[in-house]
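All remarks here apply to the structure that follows.
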Amino acid sequence: MQKSFSQKRLQEWIIERCIYMSGIASIIFVCLIFLFLAKEGFSLFKNISIFDFLLGQKWYPISTPPFFGILSLIVGSLYVTLGATVIAVPIGIASAVYISEVAPPRVREILKSGIEVLAAIPSVVLGFIGMMTLVPWVKNTFHLSTGLTAFSGALMLGFMAMPTIVSIAEDALNAVPKRYKEAALALGATRWQSIWRVILPAASSGIVAAVMLGIGRVIGETMAVMMITGNAARIPDNIFQPVRTLTATVAAEMGETVRGSDHYYSLFAIGIVLFIITFCINLIADFAVHRKAK
Amino acid sequence: MSAIIQTRNFNLFYGTFHALKDVNIDIPKNMITSMIGPSGCGKSTLLRAYNRMNDLLEDVSVNGEVIVDGKNVNDPGMDLVELRKKVGMVFQRPNPFPLSVAENVLFSVKIHRSAAPKEYGDIIEKSLKAVDLWDGLKDKLNTSALNLSLEQQQRLCIARLLPVKPDILLMDEPCSALDPIATGHIEELMHHLKANYTIVIVTHNMQQAARVSDYTAYLYLGNLIEYDLTKKIFTVPKDRRTEDYLSGKFG
Ligand SMILES: Nc1ncnc2c1ncn2[C@@H]1O[C@H](COP(=O)(O)OP(=O)(O)O)[C@@H](O)[C@H]1O
Ligand SMILES: [Mg+2]
């Protein structure tokens, strides 16, 4: 009796420690990653001012003298991300509403598995398909000299963010208690009115989370954008011109830099910029979710 | 008595399960009619047939007639929005929307565009006064309805129906989530509402049926066993099965 009790205590203690250690470990890893990023990234600013880095329009890292201005890359990322968001958010939310509120059960199951399959396609594969189909289509439809544009990237990334947005938004909609819908319908609301006035507002914090995760996926995406946005490091006049994004720059150039050179450090500094952008998006999402929950 | 709801040889099936069997019952206008019977006997099903809430379920089929105010509600041409404006429903578990108190009351007004925004204040006041919530909530119109007590929530659910100007209020065990004191308050409220509304209440509580209703229907396994003045049902039931149920032999 006494023994089994202390044995249980020991077991509890070990399990508790293990969970504690894993929690601590994940925090330590994040800190180490950030420290590494910061150490390498900030080394750049010994030689180049932050101002020139963030607002410089020329990105010629291997010319002499080199230029490390990432404004065009920031603008490129912004174009692609905003474009993808504008495409993916309305369609994603509308699909989620259709799947959870309108579709008959059989169609719902088919669509849900379809979305999961979509989410599982590696981005290289999507990028390749995009290069073969989307890029020529954009070129011909809009009579451009090249189909490798910010617009193609936005379409592609919108498509890639869709599964994330749909599946999380759909979960949020499904979690809305059925009795709200019943109440609305019993008051003579149409199905559409009950969705618009009751179900969507009740699910809004989950939908915001879905949108933010979708945008997070878009900003972090590398392979597909590298393959279809044209990678021209200049500020575009409109969305139908080639752009180069922050992520594509890091991925494309990391292999050819000399360790410890300014070029090498500048790629880490781009990493810091990406980190800060993602952090801000998460912050906004958190804020939106918590304000709603109050 | 003039019947506002007539139910004629009404049958309802959930898939192949025969949930209501040849039910015939006339609900009188401006009276309170209660439906009693053991759990699972079809009380809620019958109530939901009156505003066609069973439509939300898949695989429900009906035959026979339910006539509300002279119109067969199962007619293909029946306007469900009009039907549900005429026949309001209060649910077992209070289900205010996760919106403010004011927005709950105004919900129907906004979806049906039945009043101009400048009338909103009056509508809120009148509706909340009718359910005795005004004095308690007039300074809290913008708090979330989910912060109210269960009794207040149920009252709000009744108040929310009033701007639609329904003729009939269906109440499915409206007090089962409430304590006895709150139950007493809701019963009192029903007495007040009776002047203007026809009320049909489902309850598993026989004392409640005896206290509040003018007519009582006893259902058992999907059959309407007996339907009469509440006084008569509780004193001289005609059917053995009613008597057994009322005397507590089963249920
Ligand atoms: N959605 C449904 N699908 C299948 N059977 C149902 C459904 N709803 C109710 N039933 C069945 O119909 C019968 C009557 O149910 P209900 O009207 O809810 O009873 P009560 O309200 O009197 O307790 C029960 O046997 C119940 O199991
Ligand atoms: Mg019931």
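The values are calculated or read from the model by the stated rules, or taken from the named source; none is laboratory data. None of the values given here were measured: they were computed from a predicted structure. A quick note on method: Cβ atoms are made from the backbone with ideal geometry, for glycine too, and the neighbour counts reach across all protein chains shown. Heads up: the accessible areas ignore ligands, DNA and RNA and are worked out on the full protein's heavy atoms, side chains in. Shrake-Rupley method; radii C 1.70, N 1.55, O 1.52, S 1.80 Å.
Observations on the structure shown:
- Mean residue ellipticity, 222 nm, helices only, chain A: the sum of -39500 (n - 2.57) across DSSP H runs of n ≥ 4, divided by residue count and rounded to 500, is -23000 deg cm²/dmol.
- Chain A: most fluctuating residue of A:Lys178, A:Lys112, A:Lys39 per GNM, C-alpha cutoff 10 Å: A:Lys178
- Accessible area in the full protein assembly, largest first, 1.4 Å probe, for B:Thr242, A:Thr146: A:Thr146, B:Thr242
- Surface burial for B against A, with a 1.4 Å probe and both sides summed, reaches about 1800 Å² of accessible area.
- Note on the range B:11-133: Cα-only Rg and Dmax are 17.1, 51 Å.
- Average accessible surface for chain A: 55 Å² per residue, computed with a 1.4 Å probe over protein heavy atoms with every protein chain in place.
- Accessible surface of B:Val200, taken over heavy atoms with a 1.4 Å probe and every protein chain present, rounds to 0 Å².
- Heavy-atom accessible surface of B:Thr143, to the nearest 10 Å², is about 50 Å², with a 1.4 Å probe and all protein chains retained.
- For the protein assembly as shown, the antiparallel share of DSSP beta bridges with both residues in that region comes to about 60%.
- CD proxy at 222 nm, helix term only [per DSSP H run n ≥ 4: -39500 (n - 2.57); per residue of chain B; nearest 500]: -9500 deg cm²/dmol
- Between amide H atoms placed 1.01 Å from N, distances below 5 Å from B:Met171 occur with B:Val90, B:Val200, B:Ile201, B:Val202, all of them 5 or more places distant or on a separate chain.
- The aspartates and glutamates whose alpha-carbon is closer than 15 Å to the alpha-carbon of B:Lys231, local same-chain residues fewer than 8 away aside, are B:Asp214, B:Asp239, B:Glu243.
- Accessible-area loss of 40 Å² or more (1.4 Å probe, protein heavy atoms, chain alone versus all protein chains) is found in the range B:44-71 for B:Leu56.
- Highest mobility in the GNM of chain B, judged by mean-square fluctuation with C-alpha springs under 10 Å and restricted to B:Thr203, B:Thr216, B:Thr16, is found for B:Thr16.
- Shown here for the range B:89-164: trypsin sites (Lys or Arg not before Pro) in loop regions (DSSP other than H, G, I, E, B) with at most 12 other Cβ atoms within 10 Å, namely B:Arg113.
- Accessible-area rank, largest first, for B:Ile4, A:Ile284: A:Ile284, B:Ile4, with all protein chains present and a 1.4 angstrom probe.
- With every protein chain in place, the range A:142-294: carbon and sulfur % of accessible area (1.4 Å): 63
- The mean sequence separation of alpha-carbon pairs under 8 Å and at least six residues apart, normalised by the residue count of chain A, gives a relative contact order of 26 percent.
- Shape annotation for the range A:1-140: C-alpha extents along the principal axes are 78, 58, 24 Å, from largest to smallest.
- Whether the range B:85-169 is rounded, prolate or oblate, judged on the alpha carbon gyration tensor where a/c under 1.5 counts as rounded: oblate
- Accessible surface of B:Glu58 - all protein chains present, 1.4 Å probe, nearest 10 Å²: 140
- Fraction of alpha-carbon pairs over 32 Å apart in chain B - percent: 22
- In the context of the full set of protein chains, residues of chain B present 45 Å² of accessible surface per residue (probe radius 1.4 Å, heavy atoms only).
- Dimensions of the range A:51-293 based on its C-alpha atoms, expressed as ranges along the principal axes with the largest first, amount to 74, 41, 30 Å.
- Using a probe radius of 1.4 angstrom, the carbon and sulfur fraction of the accessible surface of chain B is 49%.
- Max mean-square fluctuation residue, GNM over chain A, Cα-Cα springs under 10 Å, options A:Arg106, A:Arg217, A:Arg244: A:Arg106
- Reachable lysines from B:Lys110, criterion Cα separation under 24 angstrom, eight or more residues apart if same chain: A:Lys178, A:Lys181, A:Lys292, B:Lys85, B:Lys86, B:Lys118, B:Lys126, B:Lys129, B:Lys138, B:Lys140, B:Lys165
- Residue by residue along A:187-196, Cβ atoms of other protein chains within 10 Å of the local Cβ number 5 on average.
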